[in-house]
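Okay, structure first, notes after.
The values are calculated or read from the model by the stated rules, or taken from the named source; none is laboratory data. If you're wondering where the values come from, they're calculated on a predicted model, not measured in any experiment. No Cβ is skipped: glycine too gets one built from the backbone with ideal geometry, and neighbour counts run over all protein chains shown. Surface accessibility is based on the protein's heavy atoms, side chains included, excluding ligands, DNA and RNA. Shrake-Rupley method; radii C 1.70, N 1.55, O 1.52, S 1.80 Å.
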Amino acid sequence: MTVRFQVTRPAGGRSVYDRTTQVTLRKYTPNGEGCSPTVWQAGLRADPGEGLLPVDRG
């Protein structure tokens, strides 16, 4: 899945940070397999110099 993260200035709406990256979603079933809800999640950290970096939520 492709994720886009964009930060804009409140005054004027000019983009100050705009990056996209590919993520792998992980399935999480907080109430056990077969029970609602099913959550798909990925963790990212926005770094001004390196872009979007994965965060291991292991």
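Observations, loosely collected:
- Of the residues Gln22, Ser36, Ala11, the one whose Cα sits farthest toward the positive end of the charge dipole of the chain, with +1 on the Cβ of Lys and Arg and -1 on the Cβ of Asp and Glu, is Ala11.
- Hz values of 3J(HN,Hα) by residue in the range 3-15 - Karplus curve (6.51, -1.76, 1.60), Gly and Pro given as x: 10, 10, 10, 10, 10, 10, 6, x, 8, x, x, 5, 6
- Only Lys, Arg (+1) and Asp, Glu (-1) charged, at Cβ; the chain dipole about Cα centre in debye: 180
- D (Stokes-Einstein, µm²/s), Kirkwood Cα radius, the chain, 1.002 mPa s at 20 °C: 159
- Accessible carbon and sulfur surface of the chain relative to its total accessible area, %, 1.4 Å: 49
- Take the Cα of Thr29, step 7 Å toward its Cβ, do the same at Val55, and the gap between the two points is 2.6 nm.
- Mean Cα-pair separation over length for the chain, i.e. relative contact order, pairs under 8 Å, 6 or more apart, %: 24
- Amide H contacts of Tyr17 (H built 1.01 Å from N, in plane; Pro and chain starts excluded): Val7 sit under 5 Å, all sequence-distant by 5 or more or on other chains.
- In sequence order, the range 26-43 has phi-based couplings of 10, 7, 9, 10, x, 9, x, 4, x, 10, 6, x, 10, 10, 10, 9, 8, x Hz under the Karplus curve 6.51 cos²θ - 1.76 cosθ + 1.60, θ = phi - 60°, and Gly or Pro positions carry x.
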